[in-house]
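Data block below; observations after.
The values are calculated or read from the model by the stated rules, or taken from the named source; none is laboratory data. Predicted, not measured: the structure shown is a model, and the values here were computed from it. Quick reminder, even Gly has a Cβ in these numbers, built from the backbone with ideal geometry, and neighbours come from all protein chains shown. Ligands, DNA and RNA are excluded from the accessible area calculation, which covers all protein heavy atoms including side chains. Shrake-Rupley method; radii C 1.70, N 1.55, O 1.52, S 1.80 Å.
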Amino acid sequence: MSDIRNSNPDGQDFEPQISATGTDAVGLAAGGSAAPLPGEDKSYSQGQLVVRRFFRHRGALSAMIVLGIVIVVAFTSIGVGPIPGWWPKDYTLQYDKIGDGAPTWEYPFGQDTGGKDYFALVMRGTQFSLIIAFAVGIISTLVGTLIGALAGFYRGWVESILMRMTDVFIVIPLLAVAAVLGRMAGGNGILGLALVLGLVTWTSLARLVRGEVLSLRERDFVLAAQAVGTGAWRIITRHVLPNAVGVIIVSATLSISTAILLETSLSFLGFGVQPPDTSLGTLISEYQAAFTTRPWLFWWPGLMILTIALCVNFIGDGLRDAFDPRQNRSKD
Amino acid sequence: MDGSNFRPVSYSDTLIAFPSRRRAASASKGQPVLKFILRRIGASALVLLGASVLMFVLTIKSGDPLQDLNESNDPNRDALIAERTERMRLDDTWYERYWDWLSGVGGCFTGSCDLGVTVNGIDVLNLTQQAAASTLRLITLSTLLAIVVGVALGILTAIRQYSGFDYTVTFSAFLFFSLPVFWAATLLKEYAAIQYNNWIAVGQYAPWTIVIVGLLAGFLLQAVLGGSARRRIVTAATAFAFVTVVLFAFNALDWWRDPMFGIGGVLVVSAAAGVLVTALVAGLRNRRALYAALTTVVVGVIAYLVTAPLLVNEPSWLLLIGLFVIAVVVSVAVGAAWGGYARKQSMLVSGITGVITSIMVVADLLIAHWSSFLGLKSRPISTIGSQTPNFNGEFWERALDMGTQILLPTILLTLVSVATHSRYTRSSMLETLNQDYVRTARSKGLSEREVIVKHAFRNALIPITTIVAFDFAALIGGAIITEQVFGWKGMGALFQDGLRAVDPAPVMAFFLVTGIAAVLMNLLADIAYAALDPRIRR
């Protein structure tokens, strides 16, 4: 019974046969209990099922709310570019120090050694780190999906070349190649950094997508599409990839958390974000010596990194459970 | 992130445990395995070659190697620039420089290694040997620890899915791999080193600390062991009582400053470990395995008494390794002698017990030297460096010194790896526990131990080997940061200094070590695959 229910963990309603399985899934799930729970007699599409499963994952839901708050606060408080935010202090100005700069109501995150408002500085670092992380996530997902899909769909020499290329990137430690590229791109601002980081973090996604596509291309609906003369590109984009969307979304989420840790590590080593730009990693690197005297300068940026990475990981886990419910159903 | 799909293996649904006639299968089909391995090595060599070109070009294009000289006001600046240009062959094209480097590396096969010189003219081969030794020491230890702890945690959480314990471990795992390593390192330095060093000067636990530790132990144990509410309460109460009594006794004996373990300690702990190993691997009903384990412990303790004079006074590492090998051989032989109908199982049990007994013996020797070590180094846990400068102690004190230096980076690296290993083991175990062959095993009436250890775990191990292999290579890369924060002069420092100076030789040496480690680990994983999964030995 569980086999039938899970036969299409990540199917979409592009193919009629899969929607039918989706309906079956609910019917079977409810069939086991004596009285169907309210709401379970309704039928859902695959997409709705995924959303429902995701929202039932309490950890992922809270992580999403926390991440949302972090993003909103980081971008509205000190504003973006020319648009001013609601926070009255500026991160460039040095204010009169209150005491030794410990957190007060006026300066909730404290002040740094020169009297700058640390809340504004941390928010600016968070903005940069978030922008880089999301840009890296998007770029690496696009590249990884493209390479994995082409390799998996065409097989033959295309696959050989693409997968050997992936191996080449995998054999170099991620931090090492990122450091070299980061040093090169350091002068080009954070988007340059995000671009090069995205160009080295796609490897695991490419392998996953290839594996998924390898099995999908043998399915009947692909054969049917080929039989009516559909072009390869259209088959990949309209028939194969939508069915691999679960793997892609989960992996994209996790690549964001990899990216945020990678970027902060690089910036900590001095190969990432270069002044005058700042990121959470550079803040920690700058103030780590102050840990014993001014611990707040050290705690806040680290906690921000931890919060963001933790939230993203939880969301990724929730998405994985939602798209692939096999693992959390061992004892029913 | 998900490594389970890396190698497409066609799983049939009717797989039942593992055939025991493995030797026969590999003897008749040994040739294809060798061919397979050779092909893998060939492909890996090509990949390494491609990656080395990429790395070399990226490194030399990453900046200006003459920057510091261009900015200097030295009167003989031009001469220095000319000298460096000459030494690093800056006027040549990238492929000429790469070829130069590659032919130097190629010399390794004919016995004359040449990894080039650094920007200051120091021989990189020498630097690499020292750096690789110190990094591998760090990585190997934490990898081993992480595998043992991570896999054990993964199995426990899979068996107790959705328990309080599962949620706690899951949350901690997420926490640890979301942790910025460089940030956690500073915290660890503060709380695990500086505060501990302050505390060890006194070496007494406050009563409320003991109560909290006892409560924690009780909670954890009942969560892991599970059972009915009454059984849980009994478990928790016993654990609490045991831990608090022991800790108060330690306080009274001033154990933390002047600890002792003794022959009795070795005997009791090893025997307990032997019983536990038997219970897990063979089941306590298999008396022969149990007797084999206990015999091993007794033989081990007697051997310890006999060799004690050798061990206490200035042994050498070689002697220790030799004794360890002998211990393993003897304990496996004890298992074979007791063996009977399940000889292999007994050998495995007594072999593991022998290893544990050896570890206990070393632990006893180290513990016995702790108080004299404290006399030499009053703040034992260091935050920086791989060795205390000017430390003059006897062999075991030097060993303790190395241990306390390696402690913090090892904890850090282990925590992160444990997080990944436990998650992968958990999901892999859950997947196998859902398979039909596990249901079959249960319905045959096998004990839960046999179902989990023999049928579920052995199959779950297959994807785990991939992760462990990948992780080892990733750890060397990740050690760049750990080494930087803890001031270790390892591969990470080599890489960073090289990159800052736009100096390809040390960067490429780093790449060579990590790349070869990655290839070797993948090869090991392939061999482990073949050993674990008979379907692969086609």
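Tabulated data
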quantity: Any chance B:Ser372 is within 21 Å of B:Gln405 (Cα to Cα) and assigned to a helix (DSSP H, G or I); calculated: yes
quantity: Filter result (open to solvent by 20 Å² or more (accessible area, probe 1.4 Å) and under 20 Å from B:Tyr304 (Cα atoms)) within the stretch B:362-398; calculated: B:Val362, B:Ala363, B:Leu366, B:Ile367, B:Ala368, B:His369, B:Trp370, B:Glu394
quantity: Yes/no for A:Gly211 being within 14 Å of another protein chain (Cβ to nearest Cβ) and closer than 15 Å to A:Ile139 by Cβ; calculated: no
quantity: Failed criterion for B:Ala308 (all others in (1) at pLDDT 90 or above; (2) loosely packed, with under 15 Cβ neighbours inside 10 Å hold); calculated: (1)
quantity: In the stretch A:221-235, the residues that are under 32 Å from the mean Cα position of the chain (by Cα) and outside any helix (DSSP H, G or I); calculated: A:Gly231
quantity: The stretch A:263-299, residues that are away from every other protein chain (no Cβ under 11 Å) and in a helix (DSSP H, G or I); calculated: A:Thr282, A:Glu286, A:Trp296, A:Leu297
quantity: Members of the stretch A:231-259 that are open to solvent by less than 10 Å² (accessible area, probe 1.4 Å) and either at pLDDT 90 or above or more than 9 Å from chain B (Cβ to nearest Cβ) (or both); calculated: A:Ile235, A:Ile236, A:Val240, A:Asn243, A:Ala244, A:Gly246, A:Ala259
quantity: Residues of the stretch B:45-65 that turn out to be more than 9 Å from chain A (Cβ to nearest Cβ), more than 13 Å from B:Gly515 (Cα to Cα) and either open to solvent by 30 Å² or more (accessible area, probe 1.4 Å) or of a type in the set (S, T, N, Q) (or both), as a count; calculated: 2
quantity: Odd one out for A:Val200, checked against (1) under 20 Å from A:Pro301 (Cβ atoms); (2) modelled with pLDDT under 90; (3) open to solvent by less than 10 Å² (accessible area, probe 1.4 Å); calculated: (1)
quantity: Count - residues of the stretch A:291-321 that are of a type in the set (Val, Ile, Thr) and buried (at least 20 other Cβ atoms within 10 Å of the Cβ); calculated: 4
quantity: Within the stretch A:152-171, tally of residues that are open to solvent by less than 10 Å² (accessible area, probe 1.4 Å) and closer than 13 Å to A:Trp202 by Cα; calculated: 1
quantity: Those helices (runs of 4 or more DSSP H) lying entirely in the stretch A:127-204 with at least 1 residues within 14 Å of chain B (Cβ to nearest Cβ) and more than 26 Å from B:Leu520 (Cβ to Cβ); calculated: A:174-185, A:189-198
quantity: Only one of A:Ala149, A:Ala178 that is in contact (Cβ under 8 Å) with a residue 60 or more places away in the chain, under 20 Å from B:Val57 (Cα atoms) and buried (at least 21 other Cβ atoms within 10 Å of the Cβ); calculated: A:Ala178
quantity: Close pairs from the stretch A:200-222: first under 17 Å from A:Met163 (Cα atoms), partner open to solvent by 30 Å² or more (accessible area, probe 1.4 Å) and of a type in the set (Phe, Trp, Tyr), Cβ under 7 Å, at least 6 apart; calculated: A:Val200/A:Phe169; A:Thr203/A:Phe169; A:Arg207/B:Phe6
quantity: Selected residue (only one of B:Ile527, B:Ile476, B:Ile516, B:Ile481 is within 11 Å of chain A (Cβ to nearest Cβ) and farther than 30 Å from B:Thr186 by Cα); calculated: B:Ile516
quantity: Condition broken by B:Arg426, with the remaining ones in (1) away from every other protein chain (no Cβ under 11 Å); (2) under 23 Å from B:Arg160 (Cβ atoms); (3) buried (at least 21 other Cβ atoms within 10 Å of the Cβ) satisfied; calculated: (1)
quantity: Hits in the stretch B:402-422 - residues which are closer than 17 Å to B:Ala133 by Cβ and surrounded by 19 or more Cβ atoms within 10 Å (Cβ to Cβ); calculated: B:Gln405, B:Ile406, B:Pro409, B:Thr410, B:Leu413
quantity: A:Leu319 being under 14 Å from the mean Cα position of the chain (by Cα) and more than 9 Å from chain B (Cβ to nearest Cβ); calculated: yes
quantity: Selection count, the stretch A:48-76, where residues are over 18 Å from the mean Cα position of the chain (by Cα) and within 17 Å of A:Leu303 (Cβ to Cβ); calculated: 1
quantity: Extreme residue, least open to solvent (accessible area, probe 1.4 Å), among residues of the stretch A:67-85 that are assigned to a loop (DSSP other than H, G, I, E, B) and small (Gly, Ala, Ser); calculated: A:Gly79
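Okay, residues lined up against (1) under 27 Å from B:Glu448 (Cα atoms); (2) open to solvent by 50 Å² or more (accessible area, probe 1.4 Å); (3) without any contact (Cβ under 8 Å) to a residue 40 or more places away in the chain; (4) in contact with a strand residue (DSSP E or B) (Cβ under 9 Å, 6 or more places away or on another chain):
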residue	(1), (2), (3), (4)
B:Gln222	yes, no, yes, no
B:Arg230	yes, yes, yes, no
B:Ala237	yes, yes, yes, no
B:Leu247	no, no, no, no
B:Met260	no, yes, no, no
B:Gly264	no, no, yes, no
B:Leu267	no, yes, yes, no
B:Ala272	yes, yes, yes, no
B:Val277	yes, no, no, no
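Results for (1) among the small types (Gly, Ala, Ser); (2) in contact with a helix residue (DSSP H, G or I) (Cβ under 8 Å, 6 or more places away or on another chain); (3) open to solvent by less than 20 Å² (accessible area, probe 1.4 Å); (4) not assigned by TED's automatic domain parsing to the domain that holds A:Ile256, shown as yes or no for each residue.
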| site | (1), (2), (3), (4) |
| --- | --- |
| A:Ile65 | no, no, no, no |
| A:Trp87 | no, yes, no, no |
| A:Tyr91 | no, yes, no, no |
| A:Gly110 | yes, yes, yes, no |
| A:Thr113 | no, yes, no, no |
| A:Leu130 | no, yes, yes, no |
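Residue-by-condition table, conditions (1) modelled with pLDDT of 85 or more; (2) closer than 27 Å to B:Leu276 by Cα:
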| position | (1), (2) |
| --- | --- |
| B:Gln161 | no, yes |
| B:Phe177 | no, no |
| B:Val181 | yes, no |
| B:Phe219 | yes, yes |
| B:Ala236 | yes, yes |
| B:Ala239 | yes, yes |
